[in-house]
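Chemist: Got a structure for you, written out below as structure tokens; questions coming shortly.
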Amino acid sequence: MKVLKERILKDGKCFPGGILKVDNFINHQMDPILMKSMAVEFVRRFAGTKINKILTVEASGIAPAIMVGYLLELPVVFAKKRQPSTMENMLVTEVFSFTKNTTYTVCVSKDYLLPGDKVLFIDDFLANGNAGLGMIDLVNQAGAEMVGMGFLIEKAFQSGGNKLRQQGVHVESLAIIESLDDCQIKLR
Ligand code: 5GP
């Protein structure tokens, strides 16, 4: 998606270890106009797919997910990274975080992920695919179906894209980074 790629080249910053910082428009300060344009693009790309629920994971996925949910007029559920003591009836999985180098528990209430749900997962980054695989696990546990996964930015030099596509899921990424070698952003 042209406008996102241009913004990444203008405002994205490379960090050692293959990390791209987009704090100026996605991960800290957020650009709602760009967020809306990205959601419109997801709606276009998943137009042929039957969806009844949007799923994301806190915190960075919530903004794009709610924009997509708004446009499609569908409920948006975010998986929680801590298990609330008041939440009963939970689906739980473990996710390894590439950026934080730790494993954390992610949970969703069974009240909000139901058998038969056709789920579109939306998130900011696709790196090694651990968050995505965790979400597929939660959806499977619920007896629901993951019908699509949409990412704002995919880092093609990490293995997540292959892992998720090998699961047979329709994966769409709005900008694909080929490399961040030598702190140079190379886009596909
Ligand atoms: P994965 O589970 O695919 O390895 O990583 C996805 C999660 O890690 C995303 O939800 C995102 O929060 C974080 N992440 C991975 N790579 C990057 C990156 O280069 N920059 C930023 N800002 N977050 C990243």
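Chemist: What's the angle, to the nearest 10 degrees (0 to 90), between helix 62-72's Cα axis and the longest principal axis of the chain?
Modeler: Tilt of helix 62-72: around 70 degrees.
Chemist: I would also like to ask the following. Across the range 50-58, in residue order, what do the Karplus-derived ³J(HN,Hα) couplings come to in whole Hz, using 6.51 cos²θ - 1.76 cosθ + 1.60 with θ = phi - 60° and x for Gly and Pro?
Modeler: Along the range 50-58, the couplings run 7, 10, 10, 7, 9, 10, 9, 10, 5 Hz.
Chemist: Which of the residue pairs Lys2/Lys155; Lys2/Lys118; Lys53/Lys110; Lys5/Lys186 have a Cα-Cα distance greater than 19 Å in the structure shown?
Modeler: Details: Lys2/Lys155 16 Å; Lys2/Lys118 29 Å; Lys53/Lys110 14 Å; Lys5/Lys186 10 Å.
Listed pairs above 19 Å: Lys2/Lys118.
Chemist: Along the positive direction of the dipole of the chain (beta-carbon charges: Lys, Arg +1; Asp, Glu -1; about the Cα centre), which of Ser159, Met135, Val119 reaches farthest?
Modeler: Farthest towards the positive end: Ser159.
Chemist: Continuing with the same structure: Of the cross-linked pairs Lys10/Lys50; Lys10/Lys80; Lys13/Lys163, which ones have a Cα-Cα span greater than 30 Å in the structure shown?
Modeler: Pairs exceeding 30 Å: Lys10/Lys50; Lys10/Lys80.
Chemist: Given the chain, report the % of alpha carbon pairs whose separation exceeds 23 Å.
Modeler: Here the long-distance tail beyond 23 Å is 39 percent of all Cα pairs in the chain.
Chemist: Give me the accessible area per residue for the chain, probe 1.4 Å, as a whole number in Å².
Modeler: Per residue, the chain has 51 Å² of solvent-accessible surface.
Chemist: Spit out the partnerless Cys residues in the chain, using Cβ distances under 4.7 Å as the pairing rule.
Modeler: Those would be Cys107, since no other cysteine Cβ in the chain comes under 4.7 Å of theirs.
Chemist: Further question on the same structure: Per DSSP helix of 4 or more residues, -39500 (n - 2.57); summed, then divided by the residues of the chain. What does that give at 222 nm, rounded to the nearest 500?
Modeler: Details: 5 runs with 55 residues, N = 188.
-9000 deg cm²/dmol, from helical runs alone.
Chemist: Percent relative contact order of the chain, based on C-alpha pairs within less than 8 angstrom and at least six residues apart?
Modeler: About 19 percent, as a whole number.
Chemist: Continuing with this model, one more query. Check Leu187: other-chain or 5+ apart residues with amide H under 5 Å from its amide H, H built from backbone geometry?
Modeler: So Leu187 has HN proximity to Glu178.
Chemist: What's the longest bit of the chain with no exposed GluC sites (Glu not before Pro), using DSSP loop states and at most 11 other Cβ atoms within 10 Å as the test?
Modeler: On the way: sites that count: Glu73, Glu88.
That gives 89-188 as the longest site-free run.
The values are calculated or read from the model by the stated rules, or taken from the named source; none is laboratory data. Everything numeric here is computed off the predicted structure, so don't read it as measured data. Heads up, the Cβs are rebuilt from the backbone with ideal geometry, glycines too, and the neighbour counts pull from every protein chain shown. In case anyone asks, the SASA skips ligands and DNA or RNA and just uses the protein heavy atoms, side chains included. Shrake-Rupley method; radii C 1.70, N 1.55, O 1.52, S 1.80 Å.
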